[in-house]
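Below is the structure I would like to discuss, written out as structure tokens.
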Amino acid sequence: MALMVPQLMSARRKAVAAPMEDRNQVVDNTLDSLNKARFARPLAGSSRKGDNPVLFLVGNSTMRTGTLGNGNNGQWGWGRFFPDYFDSEKITVENHALGGTSSRTFYERLWEDVLSGVRKGDWVMIELGHNDNGPYDSGRARASIPGIGKDTLHVTIKETGEQRIVYTYGEYLRCFIRETKAKGANPILLSLTPRNAWADADSTVIERVSDTFGLWARQVAKEMKVPFIDLNEISAAKFERFGKEKVKTMFYIDRIHTSEFGARTNAASAAEGLRGLKKCRLSSFLKPIAADTVTGKSRKPGRPVVFTIGDSTVKNEDSDENSMWGWGSVLQDYIDPAVASVENHAIPGRSARMFVDEGRWDKIYNALQPGDIVLIQFGHNDAGPINSGKERAELPGTGSESKVFKMKSNGQYKVVYTYGWYLRKFIMDTKEKGAVPVVISHTPRNKFDNGLIENNSASFGAWTAEVAGQQNVPFIDLNGLIGRKLQHMADHEGLLTVNRCYKNDHSHFSLEGARLNAREVAEIVNRLLEAK
């Protein structure tokens, strides 16, 4: 490569700025597994379909985490989800990023392989700088000279005796740009992803890189007349809206590497930034933004929407008097439509985790407006195998624990949290939008032992109540309320009366049973609506 100096030379140091301080304090061994990484990363240009262009992603672990980039450590880079925004029949996206690399080490060790696959009309997006720190000539020897000047520094790597010339961060970016353009391709610079770092303990402002790498990348982009996406600013602004507690869920293990939630957020920010570029043809390859015309459709001006999320006890067949019914499908009968509308977005067979993983919660979250109410009831499907069978269970309890599992259905890795963690996410997201979360314990089963109805107050019932108390949100103990009503029926009218409330099995309700549940829920909901 142009900047590599293979010939021997006497080591000499110019009066250049000291290297940037390593503020992340995170050890990333990915670069040390370079031979393994070469096989894990795609062969440059191998995804090309016919004469279609390819979008090459160049970056570090915030773009592609881990040697294999498969999330096996619970961390994901945003490059994993960026292809979802493009029409794969018109363009393919290749993630060539590698953790631990700086602008210098990527250029020295990996860029030649990437550039070999670049053709005229392709695109190269570059986001580097997180690792441009530390010693110039020892250890990882990955620091670039701060700034965008023309300073150089001749160094001898202490461990190997190899001699190199170190350039500024800006000069490495210029090299990526010049060599991309020489191939007839189109470079785009991006600023760094934000860290989970705030100005101080009480601050609501997240740290930016607008005076260092963000500024330098912007200056080089302007100088070289290439597009620039301020990824740092776009995602940082979102994080500030989320608040500190939610931002914690955007990261995993440390404060620089993102969870799947954070990686998806950064990918969305990159797509958002691309759409905002003027006269950038790459944006024409993006998929159209899919508008959700269903969630929140019932909203009337000045009236809140009551959203329900849950499983088959909330929404079922709900078709005729002989079918199984969920209480969410009859809830509107007990709420004045002139005050609020009801939308039942529960779905049979879902656990709290599945409702998040399948993207169903995102639709509710995006539709929420201040004053809305979200009724949250899970628990029937939240036990059992985590990474086999229906793959829907969470870790037990309400703690902050999490674990990475390899799913047997597709071989992909997934971070799974506790049941309580998912409930807290629903609550946190709902509050963020100015809406009111209501946590509901799962409905009782039609099971009696020595004449007493099964008490489900332990495990999921207890965890639901605990989370509601911790988060100081309304709680409806539907399990206890309906359980006591059913017990009274059994004691005074017999089990046949109880059986009429269920359909087909001991868990799912008839229309009569659904109405029994809905009346109890509606009583609390109406109080909340009256208090507005």
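Here, each number is a calculation from the coordinates, and none is a lab measurement. For clarity, every value in this text was computed on a predicted model and none was experimentally measured. No Cβ is skipped: glycine too gets one built from the backbone with ideal geometry, and neighbour counts run over all protein chains shown.
Compute the separation of the alpha-carbon centres of segment 471-502 and segment 60-106 and state it in Å as a whole number.
51 Å
Here's a follow-up. Could you order peptides 432-441, 291-300, 236-245 by the average number of other Cβ atoms within 10 Å of their residues, highest first?
Averaged packing, sorted descending, gives the order 432-441, 236-245, 291-300.
Calculate the dipole size of the chain relative to its Cα centre from +1 charges on Lys and Arg beta carbons and -1 charges on Asp and Glu beta carbons; express the result in debye to the nearest 20.
1980 debye
Something else now. Please report the relative contact order for the chain, taking Cα pairs under 8 Å with a sequence separation of at least 6, and give it as a percent rounded to a whole number.
Contact order relative to length: 11 percent.
Choose one of SER203, VAL305, MET224: the residue whose Cα lies farthest towards the positive end of the charge dipole of segment 198-316 (beta-carbon charges +1 Lys, Arg; -1 Asp, Glu; about the Cα centre).
VAL305
When you count, for each residue, the other Cβ atoms within 10 Å and take the mean per peptide, how do 510-520, 397-407, 145-155 rank with the highest first?
510-520, 145-155, 397-407
Treating only the Cβ of Lys, Arg, Asp and Glu as charged (+1, +1, -1, -1), what charge dipole size does segment 138-223 show about its Cα centre? Round to the nearest 20 debye.
Approximately 440 debye in magnitude.
Would you list which lysines come within 23 Å of LYS279, measuring only between C-alpha atoms, while excluding same-chain residues fewer than 8 positions from it?
Within the straight-line limit of under 23 Å, LYS279 reaches these lysines: LYS90, LYS120, LYS181, LYS183, LYS222, LYS225, LYS287.
What aspartates and glutamates does LYS300 reach when the alpha-carbon gap must be under 16 Å and sequence neighbours fewer than 8 apart in one chain are set aside?
ASP336, GLU343, ASP372
Could I ask something else about it? Tell me, what is the percent relative contact order of segment 305-530, built from C-alpha pairs under 8 Å that lie six or more residues apart?
About 23 percent, as a whole number.
Report, to two decimal places, the Cα Rg of the chain normalised by 2.2 N^0.38 Å (N = number of residues).
The value comes to 1.16.
A further question follows. Among ILE309, ILE165, rank each residue by its count of other Cβ atoms within 10 Å, from fewest to most, as a rough exposure measure.
Ascending Cβ contact count within 10 Å gives the list ILE165, ILE309.
Could I have the simple spin-label model distance between ALA462 and SER88, label points 7 Å from Cα toward Cβ, reported in nm to one decimal?
With each label placed 7 Å out from Cα toward Cβ, I get 4.6 nm.
Out of residues 5 or more away from PHE251 or on other chains, whose amide H comes under 5 Å of its own, with H placed 1.01 Å from N in the peptide plane?
Result for PHE251 returns SER259.
Still on this structure, please answer the following. For a bin width of 5 Å, list the pair-distance distribution of segment 349-411 built from all Cα-Cα distances, rounded to whole %.
Answer for segment 349-411: a P(r) of 4, 15, 22, 24, 17, 11, 5, 3, 0 percent.
Using the C-alpha atoms of segment 305-530, what convex hull volume per residue, in cubic angstrom, is computed?
127 Å³
While we're on this one: Taking R0 as 30 Å, what FRET efficiency do you get between GLU358 and LYS447 from their Cβ-Cβ distance, rounded to the nearest 0.05?
That pair, GLU358 with LYS447, gives E of 0.55.
Sequence-distant or interchain residues sharing an amide H contact under 5 Å with VAL166, placed H: which?
LEU153, HIS154, VAL155
Please name which of ASN472, PRO194, ALA338 has its Cα lying farthest along the dipole of the chain towards the positive end, using unit charges on Cβ (Lys, Arg +1; Asp, Glu -1) and the Cα centre as origin.
PRO194
Work out the length of the dipole vector of segment 305-530 about its Cα centre, built from +1 on the beta-carbon of each Lys and Arg and -1 on the beta-carbon of each Asp and Glu, and round it to the nearest 20 debye.
So the magnitude is around 740 debye.
Another question, if that's okay. Using packing as a proxy for protection, rank 99-105, 223-229 so that the peptide with the highest average count of other Cβ atoms within 10 Å comes first.
Ranked by mean Cβ neighbours within 10 Å, highest first: 99-105, 223-229.
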